[in-house]
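Structure record follows, encoded as structure tokens.
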Amino acid sequence: MDILFIADPLAHFKIYKDSTYAMMAEAARRGHVVYTCEPKHLAWVDAKVEATVRRVDIVGDPADLHRHPWHESGPHEHRTLTSFGAIVMRKDPPFDMEYVTSTWLLELAERAGARVFNKPQTIRDHSEKLAIGEFAQFVAPTLVTRDAARLRAFHAEHGDIILKPLDGMGGMGVFRVTREGMNLGSIIEVLSHDGARSVMAQKFIPEIAAGDKRILLIGGQSVPFSLARIPQGGEVRGNLAAGGLGVAQPLTARDREIADTLAPVLAARGLLLVGLDVIGDWLTEVNVTSPTCFREIMEQTGFDVAAMFVDALERAVA
């Protein structure tokens, strides 16, 4: 099967921790032919969606995750998206208008018969921050608003809160405001662009000290291990991109309750891969654009997350 991965430039990959690389390597190991492109290479031409793609062959010792080069790329080709057995959308945010345009193009291709994962309409319609509202039974006290007075009242009620933008990733733009309220006004002004943009406020969850857990759902099933991303050096953010330490651990009973509730619902909507963020007993985000943490879980537990993903992908297109 020819599989197209729509992703960031391969030159930016750090294969020792890159989940997209893990997917590509496992697919290639099984004999699938891997192609890549970036969203900018998509086009609607003569009433069909095509892309300028390159075949990618994985080279070198697979055990050496610091090797260079790790791939060889073929010449550029123009191919319609319906000519691929599967298309995997792995472009990282920002979720801007170009990202939205990519989902529109992918949806046109899907209508013509292309198999796209995650489903482009669902990616577009699914807010990774606000999606928790559908599963409020698992959510700590949370407010979304652009109203500074409401945000101040939320802080007054809960004392210790987290404020963050709705379109951030990797912990970008996350602030903690303790009971003293230091810089609360300035933070609200910056995050809300003086009331022009909505902000999410959540009651601070002390269990962040034990890690912000990433729980992966693949094909409607949960990976049996989470990756607890533990804040380091006085940081409140556990995100790996913000310097958090990743520690793999078995799912707790509460983790499984959350995962088992969300997995079938999200899978039915065409979300083959989902990354839940859970702090303590509370669901904080539902990530669907390019969930990560495959490599860390694989290396620390021996559980082959990439194999589970490709298994699910093969089943989905069978």
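The values are calculated or read from the model by the stated rules, or taken from the named source; none is laboratory data. Bear in mind the structure is a predicted one, so any value in this text is a computation, not a measurement. Neighbour counts are summed over all protein chains in view; Cβ atoms, including those assigned to glycine, are modelled from backbone coordinates with ideal geometry.
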Looking only at residues in the stretch 16-31 that are within 25 Å of the chain's Cα centre (by Cα) and free of Cβ contacts under 8 Å to residues at least 40 places away in the same chain, which one is surrounded by the fewest Cβ atoms within 10 Å (Cβ to Cβ)?
R29
Could you please let me know if H71 is buried (at least 16 other Cβ atoms within 10 Å of the Cβ), modelled with pLDDT of 95 or more and over 17 Å from V116 (Cβ atoms)?
yes
Residue that is nearest to K14 (Cα to Cα), among those in the stretch 291-318 that are buried (at least 21 other Cβ atoms within 10 Å of the Cβ) and of a type in the set (V, I, T):
T292
Could you please let me know if G185 is buried (at least 16 other Cβ atoms within 10 Å of the Cβ) and either assigned by TED's automatic domain parsing to the domain that holds T289 or not in a strand (DSSP E or B) (or both)?
no
Among the residues of the stretch 32-46, is any β-branched (V, I, T) and part of a loop (DSSP other than H, G, I, E, B)?
no
Could you please give the count of residues in the stretch 248-269 that are crowded, with 19+ Cβ neighbours inside 10 Å and in a loop (DSSP other than H, G, I, E, B)?
1
Show the residue pairs meeting these rules: Cβ distance below 6 Å; 6+ apart or different chains; first residue within the stretch 300-318 and assigned by TED's automatic domain parsing to the domain that holds V247; second residue of a type in the set (F, W, Y).
T301/F225; F303/F225; V305/F294; A306/F294
Does the stretch 140-156 include one or more residues that are loosely packed, with under 15 Cβ neighbours inside 10 Å and touching a residue at least 60 places away in the same chain (Cβ under 8 Å)?
yes
Might you check whether a residue that is modelled with pLDDT under 95 and among the hydrophobic types (A, V, I, L, M, F, W, C) occurs anywhere in the stretch 33-46?
no
Please work out if A153 is farther than 27 Å from I208 by Cα, small (G, A, S) and outside the structural domain of L240 (by TED's automatic domain parsing).
no
Residues of the stretch 262-286 being farther than 16 Å from L130 by Cα, in contact with a helix residue (DSSP H, G or I) (Cβ under 7 Å, 6 or more places away or on another chain) and not aliphatic (A, V, I, L, M), which ones?
R269, G270, G280, D281
Looking at the structure I just gave you, is A312 within 18 Å of the chain's Cα centre (by Cα), outside any loop (DSSP other than H, G, I, E, B) and under 17 Å from K119 (Cβ atoms)?
yes
Out of curiosity, is F95 closer than 30 Å to I205 by Cβ and either in a helix (DSSP H, G or I) or of a type in the set (V, I, T) (or both)?
no
